Structure formats: C-alpha cells, structure tokens
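The values are calculated or read from the model by the stated rules, or taken from the named source; none is laboratory data. Values in this document were obtained by computation on a predicted structure and should not be read as measured data. Neighbour counts run over all protein chains shown; Cβ positions are idealised from the backbone, glycine included.
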Amino acid sequence: MPRPGYGFGSQTGVFEATQKALIGQATWSKTPACVPTSHIFFAEWFSEMQISELIPLEHVDVRVRVATKTQLLKELSRQTAKITNIDESLVLRALNDREQLGSTGVGGGIALPHARIPGLKQSVGLLMSLERPIDYGAIDEGLVDLVGLLLLPDDAKSDANSALACIARRLREPGVAAELRKAKTAENFYKVLAPN
C-alpha cells in the first residue's frame, strides 16, 4: 500500500480530491457553477480565511495513537465534544454519515473529515498528526497520517467551502506536510501550520 506523500497524493491530486469532496460528494454544500476547475485557482477562489482564525494552538494534537479509521473518528469526536459541549455520539454519527457519501481521505496522506452539527454555535477546526499512518480508505489507497477536522453549524452557508479550502490550501503548500509530520510537539506543529 502506498505511503503518505507519494504516488497519486500529489498537490494536484489532493486539490482535485478536495474539490470533489466539496462539490460532488458533500450534499450539505453546493458550490456555484463558476468555480474554476483548475486546482491552481481552486483555493484562491474562496475568501482568504487564515488558518489561525479557524484552528488555535489548543486544537492541535500530535503523534496521536490510533490503529484504524474507526478509532480515529471516535478520537476526533471525543476531542471536539470537549471543545463544543456537543454530545460525542452526535459528532461521531455525523462524521460517519459524511464518510458514507465518500471517503474524505483526499490523498497524499491527508484526510479532511467534516460534518454539519445541529446545535453547534460556530465552526470548529482541529488538526492532528498520527503516530503511525492508518488505512483510511483514501481515494489514492494510501495511508493517512495528517488529519484536518472541520465541524460546522447546521445553518452555516459559505463557511464550509472557505474553511475546508483554507485547511487544504495550507497543507498543499510545498514542504508543509513533510514538516508537520516531523513535529513532535503541538507547539512545533503550530509554528509550521501558522508561522505568522
């Protein structure tokens, strides 16, 4: 099985997959027909949301130990339940429902699970690296070890596209994913993620 960061999971592959997740598979978000098809312009079409606005240092975790996709989604649900005071089982169910539409493993060792959560007041983002890559059912059949989670209020409109594009834009920048994988502390991870 391919290792993260190799093969189909190139910058182009990641962005084509992310675009597919946003436009083709995510039933909760529809993007206008004028969205450029080229991955080069995809992220820039959205508002210039800064990743530090979406994900503070406290929402970063490194070298997380999970062995399966099921365990990962449970851990993401547990962590975000603490942040949002939303029931963990509700978050997990929403994430699993989204995965039923198609894997959010977008290639290159990256997964971008996301869902709308009833009762959530504002968007919540979380980023983590995994101790060991796991089989996530990614579209390139590669293993995943970088995860960007996004939860949105049930009534959010454009935030979904802007926020997911923000995360994907940062992870596709040359060398960023490789440096994130090297980080041994949340502080070092965040310095790479949001250097400003």
Take residue 175 and decide whether it is more than 18 Å from residue 83 (Cα to Cα) and in contact with a Pro (Cβ under 8 Å, 6 or more places away or on another chain). no
Of all residues in the range 83-104, count the ones that are of a type in the set (A, V, I, L, M, F, W, C) and outside any helix (DSSP H, G or I). 2
Can residue 75 be described as over 15 Å from residue 171 (Cα atoms), modelled with pLDDT of 95 or more and surrounded by fewer than 21 Cβ atoms within 10 Å (Cβ to Cβ)? yes
Go through 102, 109 for me and flag whichever is surrounded by fewer than 22 Cβ atoms within 10 Å (Cβ to Cβ) and touching a residue at least 60 places away in the same chain (Cβ under 8 Å). 102
Restricting the search to the range 80-95, which residues are among the polar types (S, T, N, Q) and buried (at least 16 other Cβ atoms within 10 Å of the Cβ)? 80, 84
Starting from the range 58-87, keep only residues that are polar (S, T, N, Q), then list their pairs with residues that are at pLDDT 95 or above and assigned to a helix (DSSP H, G or I) whose Cβ atoms are within a distance under 6 Å, requiring at least 6 positions of separation or different chains. 77/88; 77/91; 77/92; 80/91
Is it fair to say residue 147 is crowded, with 21+ Cβ neighbours inside 10 Å and within 25 Å of residue 172 (Cβ to Cβ)? yes
Restricting to strands (runs of 3 or more DSSP E) lying wholly in the range 105-196: which have 2 or more residues that are in contact with a strand residue (DSSP E or B) (Cβ under 6 Å, 6 or more places away or on another chain)? 114-117, 124-135, 143-153
Scanning the range 55-67 for residues that are under 17 Å from the mean Cα position of the chain (by Cα) and closer than 24 Å to residue 136 by Cα, which turns out modelled with the lowest pLDDT? 55
